[in-house]
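The values are calculated or read from the model by the stated rules, or taken from the named source; none is laboratory data. Just so we're clear, the structure is a prediction, and the values are computed from it rather than from any experiment. Quick reminder, even Gly has a Cβ in these numbers, built from the backbone with ideal geometry, and neighbours come from all protein chains shown. When the accessible area is computed, the model is the full protein with side chains, heavy atoms only, and any ligands, DNA or RNA have been set aside. Shrake-Rupley method; radii C 1.70, N 1.55, O 1.52, S 1.80 Å.
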Amino acid sequence: MDNFALEGQVNIVQTFNTIYRGKENLRNFIRKNEIYKEKNVLVQAFCGLTDKEIILELRNTICELTPEARIVGTTSDSVIYEGKSMQGVCIISFTIFEHTTITTSCMDNVNLDSYALGKNLVKEIIKSNSKALIMFATSQDINGEEFLDGADSISKGIVKAGGLSGKVRDADDIVFTENKISFNGAVGVSLNSEELYIYTDYNFDWVPIGKEHTVTYADKNIVYTIDNIPAVDVYKRYLGEEVIDGLPESGVEYPLMLLKNDRYISRVVSKHCENGAVICNATVAEGEKVWFGYGNLNNILESSKRMFKRITNQPIESLFIYSCAARLRFLRLLANCEMEPLNYDISVSGFFTYGEFNYSGNISQFVSQNMAVIAISESSRARIIVDDSKFFRYYDNNIKTDKALYNLIKATTDELNQLNMSLEELVEEKTYELKNQFYVDSLTRLPNRIKLLEDIDELKLNKIAIVNIDGFREINDFFGNKVGDAILLELGRRLKEFGDENGLKVYRLPSDEFGLLADAAISSSQFISNIEILPHKIKKEYFYYHNHELLINVSIGMVLGENSLIEKANMALNWAKKNKESIKVYNDDIFLLQGYENNLMWSKKLSKAIEDGRIVTFFQPIYNNCTNKIEKYESLIRMIDEDNKVISPMSFLDVSKRTRLYPQLTKIVVNRTFEVFHETDYEFSVNLSVQDVMDEEIRKLIRERLSYKGVACRAVFEIVESEGIENYKEVVDFINEIHQYGAKVAIDDFGTGYSNFEYLLRLNVDYIKIDGSMIKNIDKDVSAQLVTEAIVNFASKLEIKVIAEFVHSESVYNKVKQMGIEFSQGYYFGQPKPNLLGDTRDAEHMK
C-alpha cells in the first residue's frame, strides 16, 4: 500500500495496548506511557479469562491508577492483540482523547427484554454530541438483533460498534464497567465530541449459492421448515449429510444467507434438533428468503485487500476490530492475514464476538461472520500505513487454486437466479391469466360469483339483488341449450346496460341467475326503487333468436345488510318464487323462524341418524386414464333416512358444523373407510375440511389409522379448497406429518375461488382435483379448456397428478384424456355406491 501518512504527523488520539500480567506489571505500563496524567481515557478490556477475581483485580487496578478512566470490558474465547488472535489472556486497551468526553454504563437484563435493554442502555450514555456508541452484551438470553434495534430506536445516525461476548468454553459471559459487573446484561460507552472523526468498515464476502428458498416455519432463531420441508432435510438434500453431521464447524462454511437492506448477511447454523429444525445464531423470520452461503478463502482475502485500500484514505489515529468467532473458526491462522497488516504503525486490539454490531450506510445491523472495524481520530489529516507484505506472507498458492471453483459456483448461481426470476415472472403471468379466467363468466363475459364475493369483501358493499329467470329449465328443454344461452347472453347485456345507468355492478351467477351490487353512494330507498322497475322492464321486452320471439319473467331477492348477503338474498329469492311474487326484500323477522325450524329439524334427524348408525359411506371409483383401470375410490358421506332414503350431505353438513356434530361425522367416515380398504389394494381418499385439520382429536385418529400395516401408502386426504385455507402453518404441519407415514394429500375442488399457482407452491400436495364446474362442459367450453390446460401444465412442472371430477360423458372423458389429465371421476365411470365395484377393474367401454 502507498503511505498516505503526513510527514511529522503527531497523533492527538493515542491507543496503548498491553497483555494483563498482574497488578504490578500493569502499574508499570500505565506509568511508562504516562496514562495516569490524562483525563479523557477510554479503557477497553478484552478478557480471554472468566475468573471474576482476576476481572475485579484488573478493573480495580485501572481505577486506582487512572481514576479518570472510563472502562468497558467483555469476556471472549479469543481476543486480538497487535493484529493477532490470542487465547487465554486479557488485553487492556487505553485510548487517550484530547477533545472527546466519554460516558459509560452497565445494565442487567432484568426483564429478559433485549429490545428494552438496548434502548435503556443508550438512554444512559447518549449525549447531544455523541458520534459513536460501542456496546458489548452477554450472549446468554440476549437477542443481538433485538438489542441493536432497541439501541437504534433512539440513536439513529450515530455509529454503533461492538457485539455479543464470545463465550469462553462453558463459562458464563461477563461484561463490566468501572462501576459494575454483569453476568447477563450489556455495557456501553459513548464518544462525545464535535471534533471526532469516526470511520467504520467490514469484510464479509461469503456468497449465496444455489436457488432461493423460503423459510416457511420459524420461531426467532429456530428454523423448522424451509420450502415446507424440515430444515435438516433441506440441508441434507443440497449439501449432504456430512454438513449436518459436521455442525457447528460446517455451519460456519455453509451458513444461511439473507438479503437485508441490499446487503447479504449470514445466519450461522450451530446445531440441529431431532424434530428436523436447525438452530441459528440470530433471528430468521418466517417468510424470509434465504440461500445457502459459501465461504471461499480466496474471495474473502481478496476482499481484505480492498478494505485495506479504503482504510488508508480515511482519517485514522486508532483502530479496533470486533470480528466474529465463526469467522475465526473458518479462517483459522489466516485470520491474522486480514488483521496484522493494520497493525503497522498503530497498535490494533479487539475481540472475537458471537455476532457483531455493524454500521454501514447509516444503517445498523446485527451480523455474523464479519470482521468489523471502527477507526477514530480527532484530526482530519491523520492517516495510517497498511503493510501489504504481512498479507502476502500468509497468502499462498493453495488458496489461489480455489479461485476457479469459486468463479464456477458464482457464475452458476447467477445464472440460476436469473432463471428463477424468469420462472417467477412466468408464474406471475400464468397466475394473472388464471385469475382473470376465474373472475369472468365464459358466456356473458360478465364478472362471476367469485368476483362478486371479492368485491363485497374488499369494497364493503351491503346492498345486493339476485335476479332469477322463471321457468328457465323449461325454456332449455323446449327450445334447446342454444336458445337458453342466447337468452342468458342478451339478458346479461341488458342488465349491464341497466346497471351502468343506475350505479350497479352486474355479475353472472351459476345457472340462470345474475347479481346486481349497489355502489356505496346509492341509498337503500334508491336501490329498492331502481330494482322494483326491473321485472316490468324485462317482462315487456322481447328476446329474439332466429325466428323465435320470447318473453321472460324474472324473480328477484334483495337484501340490505352487513353480512351473509348472498345467503340472505337467496332466501328472499326462494320466498318470492314460492309465493309467486316478483320481488322480495329480506327481513330478519320473516326468515329467522324459517331458518331456525329448518336447522332444528335437520339437527334432530342428524343426531338420531348418528345414534342409530345410519351415517354411512358410499364409494365412487376413480379411473386411471393411462392404465384404463379403476385404481382408486373416494369415500363419501351419506345419511340413510328413517324411510331408507339416501340423503346427500348437502342437506345436513352445514347444520352439523353449526351444531358441533361435524367432528363425529368425520370420525365415522375415517373409521369406516379404513375398515373397508384395510383388506384391499385400492388407493382410497377421505375428504377433510380445514376444520378437521385443526382438530387435534381428528389428527390423532388419523395417526392411529395410518399406523395400520400397509394402509398408509394407499391413503389420500382431500383437503376441501373451496373453503379457503387461511391457517397455512397448521395445514402445512398436517401435510408434512402424514407424508411421514407415506400417505398423500389432494386439494379438492381446485378452481372454485381461492386457488392460484402461488397456492400450489406453498402446499406440498400430491394430487389436484379440478372442480366439476370446470370439467362438466370442457368438451365445448373454450375458456374452461384454457384454464384447465394452465392448471395441468403447472401441476406437471411440480410433479403433481391431476384428477378431473364430473366426467359424465364420453366426449368429456375423451377431452380430459387428450389434455393429459391422469385420472377421471364421475358418473361416466360409476355413481357413488355403498360397496366397491369388486375385483373387475377393466372398463371395456372406456378403452
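Once the Cα gyration tensor of region 6-112 is found, what semi-axes does its equivalent ellipsoid get, as square roots of 5 times the eigenvalues, in whole Å, sorted largest first?
In descending order, the three semi-axes are 23, 17, 15 Å.
Given H placed 1.01 Å from N in the peptide plane, which residues other than close sequence neighbours of Ile583 have an amide H under 5 Å from its amide H?
Answer set, sorted by chain and number: Ile556.
Find, to one decimal place in angstroms, the Kirkwood hydrodynamic radius of region 519-569, where the mean of 1/r is taken over every pair of different Cα atoms and then inverted.
Taking the inverse mean of 1/r over all distinct Cα pairs, region 519-569 comes out at 13.3 Å.
Give the peptides 218-227, 74-83 in descending order of average Cβ contacts within 10 Å, highest first.
In descending order of packing, they fall as 74-83, 218-227.
Please give the contour-minus-distance gain from Glu567 to Tyr36: 0.36 nm per residue of separation, less the Cα-Cα distance, rounded to one decimal in nm. List each step's numbers first, then the result.
Details: separation 531, 0.36 × 531 = 191.16 nm, distance 8.55 nm.
Gain in length upon complete extension: 182.6 nm.
How would you rank 455-462, 231-238, 778-785, highest first, on the average number of other Cβ atoms within 10 Å across their residues?
Highest mean packing first, the order is 231-238, 778-785, 455-462.
Rounded to the nearest whole Å³, what is the per residue volume of the convex hull around the Cα atoms of region 502-660?
Residue-normalised Cα hull volume stands at 236 Å³.
If you filter region 283-352 for trypsin sites (Lys or Arg not before Pro), then keep DSSP loop positions with at most 11 other Cβ within 10 Å, what is left?
Passing both the DSSP loop test and the Cβ count: no residue.
Based only on the alpha carbon positions, what is the Kirkwood hydrodynamic radius of region 482-576, in angstrom?
It works out to 14.3 Å.
Find the Rg to Rh ratio for region 668-716, where Rh is the Kirkwood radius over alpha-carbon pairs and Rg uses the same atoms.
On the way: Rg = 10.5 Å, Rh = 11.1 Å.
Reported Rg/Rh, Kirkwood definition of Rh: 0.95.
If you count, for each residue, the other Cβ atoms within 10 Å and average over each peptide, how do 350-362, 151-163 line up from highest to lowest?
Answer by packing, highest mean first, reads 350-362, 151-163.
Using a cut-off of under 19 Å, list every residue of region 279-299 whose amide N is near the label point 7 Å from the Cα of Lys260 along the Cα-to-beta-carbon line.
Within reach of a label on Lys260, which here means backbone N under 19 Å from a point 7 Å along Cα→Cβ, region 279-299 contributes 279-294.
Mean separation of Cα pairs under 8 Å and 6+ residues apart, divided by the residue count of region 600-709: what relative contact order is that in percent?
After rounding, I find 25 percent.
Given 25 °C and 0.890 mPa s, how large is the Stokes-Einstein diffusion coefficient of region 485-534 in µm²/s, with Rh as the Kirkwood radius over Cα pairs?
Rounded, D is 216 µm²/s.
What number results when the radius of gyration of region 139-261, computed over Cα atoms, is divided by 2.2 N^0.38 Å?
That works out to 1.37 for region 139-261.
Taking region 499-572, which trypsin sites (Lys or Arg not before Pro) meet the DSSP loop condition and have no more than 10 other C-beta atoms within 10 Å?
Passing both the DSSP loop test and the Cβ count: Lys540.
Rounded to the nearest 500, what is the 222 nm mean residue ellipticity of the chain from helices alone, with -39500 (n - 2.57) per DSSP H run of 4+ residues and division by all residues?
Numbers: 28 runs with 316 residues, N = 847.
The per-residue figure over the chain is -11500 deg cm²/dmol.
Taking θ as phi - 60°, what are the ³J(HN,Hα) couplings along region 363-371 by the Karplus curve (6.51, -1.76, 1.60), each to the nearest whole Hz, with x for Gly and Pro?
10, 9, 9, 8, 10, 9, 6, 9, 9
Check Ser809: other-chain or 5+ apart residues with amide H under 5 Å from its amide H, H built from backbone geometry?
Correct list: Tyr828.
Just need log10 I(q)/I(0) for the chain at q = 0.05, 0.06, 0.09, 0.10 Å⁻¹, Debye formula, equal scatterers on the alpha-carbon atoms, no solvent, rounded to two decimals.
Taking Cα atoms of the chain as identical point scatterers yields -0.45, -0.61, -0.95, -1.05.
Compute the Rg/Rh shape ratio of region 82-179: radius of gyration over Kirkwood radius, all on alpha-carbon atoms.
Numbers: Rg = 14.5 Å, Rh = 14.9 Å.
My calculation of the ratio gives 0.97.
Carbon and sulfur atoms: what percent of the 1.4 Å accessible area of the chain do they account for?
About 47 percent, which is the carbon plus sulfur part of the accessible surface.
Treating region 225-339 as a set of equal point scatterers at the Cα positions, no solvent, please give the Debye-formula log₁₀ I(q)/I(0) at q = 0.11 Å⁻¹.
Per q value, in the given order, log10 I(q)/I(0) is -0.44.
So what J values fall out for region 813-820 if you push phi through Karplus, 6.51 cos²θ - 1.76 cosθ + 1.60 with θ = phi - 60°, rounded to Hz, Gly and Pro as x?
So the Karplus estimates, Gly and Pro as x, are 4, 4, 5, 4, 5, 4, 7, x Hz.
Kirkwood Rh, Cα Rg: Rg to Rh for region 654-694? Each step should come with its number before you reach the end.
Details: Rg = 12.1 Å, Rh = 11.4 Å.
Result: Rg/Rh = 1.06.
Calculated FRET efficiency, Lys797 and Ser303, Cβ-Cβ r, R0 51 Å, to nearest 0.05?
0.85
Averaged across orientations, what area in nm² does the convex hull of the alpha carbons in region 191-291 project?
Computed as one quarter of the Cα hull surface, the answer is 8.1 nm².
Leaving out ligands and nucleic acids, and using a 1.4 Å probe, what accessible area per residue does the chain come to in Å²?
Here the per-residue accessible area is 45 Å².
For region 312-320, just list the computed ³J(HN,Hα) in residue order, Karplus coefficients 6.51, -1.76 and 1.60, θ = phi - 60°, integers in Hz, with x standing in for Gly and Pro.
Values per residue, Gly and Pro as x: 5, 9, 10, x, 9, 10, 9, 9, 10 Hz.
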